[in-house]
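J.: Pasting in a structure now, in structure tokens, and then I'll have a few things to ask.
The values are calculated or read from the model by the stated rules, or taken from the named source; none is laboratory data. For clarity, every value in this text was computed on a predicted model and none was experimentally measured. Cβ coordinates were reconstructed from backbone atoms using ideal geometry, including for glycine residues, and neighbour counts include every protein chain displayed. Side chains included, ligands, DNA and RNA excluded: accessible areas come from the protein's heavy atoms. Shrake-Rupley method; radii C 1.70, N 1.55, O 1.52, S 1.80 Å.
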Amino acid sequence: MTIIRDEGFQWQGVPVTSYKSDTGSHRGVTRSVLLGAAPGQEDLSFETRYFEVEPGGWTSLERHRHPHAVLVLRGEGTVVLGGNEERIVCHDVVYVRPSTPHQFRADRGSRLGFLCIVDRERDRPEQLEQPEE
């Protein structure tokens, strides 16, 4: 059995990494892969990742051919799903259907932290342009 202990939204032995290498599509986002990528976890068909978005930050607007299951663990913000924007708060669950444009924003004055569960083998994201305001 493997137990990874939480230490205030950072988990023992799990590195906190950059969200992505480019800097233009997002702001203030980190990620930690909790399950599914480490040696000895090859039998898992999914990855469980924790993302944290600092206040005022956002993830890239993108879509994939695979689904996402998202559980908000910290704070509140906004999720963009397709053409809709919805407020999300702690313990909300979001299903991102395949090929649906999506983005998570910490635009309500607090950090936004969420688990995101995806297929271990999956397609790369297709980054989309932000609509003009």
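J.: If you rank THR100, THR2 by how much accessible surface each has, with a 1.4 Å probe, what is the order from largest down?
T.: The ranking, largest first, comes out as THR2, THR100.
J.: Determine how large the accessible area of TYR95 is when every protein chain is in place; take a 1.4 Å probe and give Å² rounded to the nearest 10.
T.: Looks like 120 Å² after rounding.
J.: If you rank TRP11, TRP58 by how much accessible surface each has, with a 1.4 Å probe, what is the order from largest down?
T.: Output order, biggest surface exposure first: TRP58, TRP11.
J.: Using a Förster distance of 25 angstrom, determine the FRET efficiency expected from the C-beta separation of ARG111 and ASP43, and round it to 0.05.
T.: So, using R0 = 25 Å, E works out to roughly 0.15.
J.: I've got another one for you. Hey, can you find the accessible area per residue of region 27-115 for me, probe 1.4 Å, expressed in square angstrom?
T.: 48 Å²
J.: Relative contact order for the chain: what is it in percent, counting Cα pairs under 8 Å that are at least 6 residues apart?
T.: Once normalised by length, the contact order is 26 percent.
J.: Something else about it: Can you pull out the GluC sites (Glu not before Pro) in region 17-104 whose DSSP state is coil and whose Cβ has at most 15 other Cβ atoms within 10 Å?
T.: GLU42
J.: Around GLN10, what is the net charge, scoring Lys/Arg as +1 and Asp/Glu as -1 over all other residues with Cβ under 13 Å from its Cβ?
T.: +1
J.: Expressed as a whole percentage, what fraction of the accessible surface of the chain belongs to carbon and sulfur atoms when a 1.4 Å probe is rolled over the protein heavy atoms?
T.: Reported share for carbon and sulfur atoms: 47 percent.
J.: Grab the beta carbon distance between GLN130 and PHE9, set R0 = 35 Å, and tell me the FRET efficiency rounded to 0.05.
T.: 0.80
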